[in-house]
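For reference, the structure discussed in these notes is given below.
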Amino acid sequence: MRYINIDSVEPGQYLGKTIFSSNGTVMLSEGVQLTVFMITTLKRIGATMIYIKDPQFEDIEIVDVISEETKGAVMKQMTETFESIRSGKDFNTKSVSVSVDKLMEDIMGNKDVLIQLSDIRTQDNQHYVHSMNVCMMSVLVGINMNLNHIQLKELAIGALLHDIGKIELITDDESKDMKLHHTWRGFEVLKQKREFNLLIAHVAFQHHERIDGQGIPRGLAEEQIHLYAKIVAVANTYDNLLFDESTGKRLLPHEACEQMMALAGTQLDHEVLVQFLRIVSVYPTGTSVRLSTRETGVVVGQHRGLPGRPVVRVVRQDTGNEIDVKEVDLAKHTTVFIDGVLT
């Protein structure tokens, strides 16, 4: 399996990972043979990168922190929750809590798996995928920071609903009023839910604050910002750098990590960022890379604790058309480096 740009996909290739719609239903199943119409449709709805099956890398398994079943269920629940708010109705906090329990069960069972944000985003599902990713990353960071189960669940709910204030659209003029900013509106929605700890509402309220006090909506700094919000801020920043909803621009994971390290101590909390960098895959499995040896290959394995030193499979064809395959474990070959990502 390889992770490639949609522009490089050809008719007849097979989809490597299921694509979900916003309501959690399957749009395209893993293993379907892609047609011109399917590829064109994926481009039209905003998909930029997808997994495809490749005979030379058919043994590569993409291990996800959350199962396909859980992803579908969580996205379905989020659709119902947001639609309730849009229509002025009360949303079911118990159903949200049950969905978070299932999500946390998956995360706890795969807490040693490095994060790879490889779910295919479309204009239809991007808001839900973003919220689910931020939740997943936040919980893994919380585990690294030794939060207990109750704290992890509060963090998970806050992370999943951190952008709930974006549901009701406002005009550009209204956006200049901080009390109409989505952080305020999210806080107002969630603080009414007595079934939730008030700290959950403060995740929505504070996730755009900065350590240096230059954030919004209140200009809080350092210890004034709750740990949950600091964690969600880091996860939110990373996911936004990989896919900016407003511009459609993407950074590669290693580029996003480098940019975030430059924000440590000013925009992002340094200790939270240190723990975050331990749970994310800098070069996701299936990514094509160029090594410092000038060889090209595909990332086929990861090392927990060494996210920047994956295992790379190099496939070469010699003059006699013989296929030569070797794997370079960068954790062992310390003088070899990834020189670039081939998109």
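How much length, in nm to one decimal, is gained on full extension between ARG316 and GLN123, taken as 0.36 nm per residue of separation minus their Cα-Cα distance? Intermediate values should be presented prior to the final figure.
Values: separation 193, 0.36 × 193 = 69.48 nm, distance 3.79 nm.
That pair, ARG316 and GLN123, stretches by 65.7 nm at full extension.
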| said: I need the phi-derived Karplus couplings for segment 12-29: 6.51 cos²θ - 1.76 cosθ + 1.60, θ = phi - 60°, integer Hz, Gly and Pro marked x. | reply: x, 6, 10, 5, x, 9, 4, 10, 9, 7, 5, 8, x, 7, 7, 8, 9, 8
| said: Which residues does the label zone of THR40 cover in segment 1-33, counting backbone N under 14 Å from a point 7 Å along Cα→Cβ? | reply: 11
| For segment 10-52, how big is the tail of P(r) above 13 Å, as a whole percent of Cα pairs? | 53 percent
| task | On a C-alpha basis, how far is the centre of segment 43-122 from the centre of segment 260-297 in Å? Whole number, if you could? | result | 22 Å
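In the neighborhood of ASN92, defined by Cβ-to-Cβ distances under 11 Å, what is the net charge if each Lys or Arg adds +1 and each Asp or Glu adds -1? Intermediate results must be reported in sequence, preceding the final value.
Values: positive: LYS89, LYS94, LYS193; negative: GLU80, ASP90, GLU195.
Neighbour charge sum, excluding ASN92 itself: 0.
So how much slack lies between GLU271 and ILE62, counting 0.36 nm per residue of separation and subtracting their Cα-Cα distance, in nm?
Net length gain for the segment: 72.4 nm.
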| note | For segment 299-316, in residue order, the Karplus 3J(HN,Hα) values (coefficients 6.51, -1.76, 1.60; θ = phi - 60°; whole Hz; Gly and Pro = x) are 5, 10, x, 10, 10, 4, x, 10, x, x, 10, x, 9, 10, 9, 9, 10, 10
| field | Expected-Rg normalisation [2.2 N^0.38 Å, Cα atoms] applied to the chain | value | 1.02
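Local charge sum around LEU277 (other residues, Cβ-Cβ under 12 Å, Lys/Arg +1, Asp/Glu -1)? Let's see the in-between values first.
On the way: positive: ARG278; negative: GLU258, GLU271.
My count for the surroundings of LEU277 gives -1.
Among the listed pairs LYS17/LYS166; LYS89/LYS153; LYS89/LYS249; LYS111/LYS179; LYS53/LYS230; LYS94/LYS191, which are separated by more than 27 Å between their Cα atoms? It would help to have the intermediate numbers written out before the result.
On the way: LYS17/LYS166 29 Å; LYS89/LYS153 24 Å; LYS89/LYS249 35 Å; LYS111/LYS179 38 Å; LYS53/LYS230 38 Å; LYS94/LYS191 15 Å.
Those over the limit are LYS17/LYS166; LYS89/LYS249; LYS111/LYS179; LYS53/LYS230.
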| task | Compare SER292, SER99, SER21 in a GNM of the chain, Cα atoms joined below 10 Å, and give the one with the largest fluctuation. | result | SER292
| For ASN23 and VAL325, what is the calculated FRET efficiency with R₀ set at 45 Å and r taken between the beta-carbons, to the nearest 0.05? | 0.60
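Rounded to whole Å and sorted largest first, what semi-axes of the equivalent ellipsoid does the C-alpha gyration tensor of segment 77-228 yield via the square root of 5 times each eigenvalue?
Values: eigenvalues 112, 77, 50 Å².
Here the semi-axes work out to 24, 20, 16 Å.
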| field | Debye, to nearest 20: dipole size of segment 76-201, +1 on Lys, Arg Cβ, -1 on Asp, Glu Cβ | value | 280 debye
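May I ask for the Kirkwood hydrodynamic radius of segment 1-83, worked out over all distinct Cα pairs and given in angstroms to one decimal? Write out the running numbers ahead of the final one.
On the way: mean 1/r = 0.0732 Å⁻¹.
After inverting the pairwise mean of 1/r, the radius is 13.7 Å.
Remind me, relative contact order of the chain in percent, using alpha carbon pairs under 8 angstrom and six or more residues apart? Before the final figure, lay out the partial values.
Values: 609 pairs, mean separation 46.7, N = 343.
About 14 percent, as a whole number.
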| query | Between ARG250 and SER95, how many nm apart are label points set 7 Å from Cα along the C-beta direction? | reply | 3.2 nm
| task | With a point put 7 Å past each Cα toward its Cβ, work out how far TYR14 is from LYS102 in nm, to one decimal. | result | 2.8 nm
| field | Approximate spin-label separation ILE85-ILE6, in nm, with each point projected 7 Å along Cα-to-Cβ | value | 2.6 nm
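What is the local net charge at ILE211, summed over the other residues whose Cβ is closer than 13 Å to its Cβ (Lys, Arg +1; Asp, Glu -1)? Provide the component values of the computation, followed by the final result.
Values: positive: ARG210, LYS230; negative: GLU209, ASP212, GLU222, GLU223, ASP269, GLU271.
Within the 13 Å Cβ shell, the charges total -4.
Each value in this text was obtained by applying a stated rule to the coordinates, not by laboratory testing. Quick caveat, the model's predicted, so the values are computed rather than measured. Every residue, glycine among them, receives a Cβ derived from its backbone with ideal geometry; neighbour counts consider all protein chains shown.
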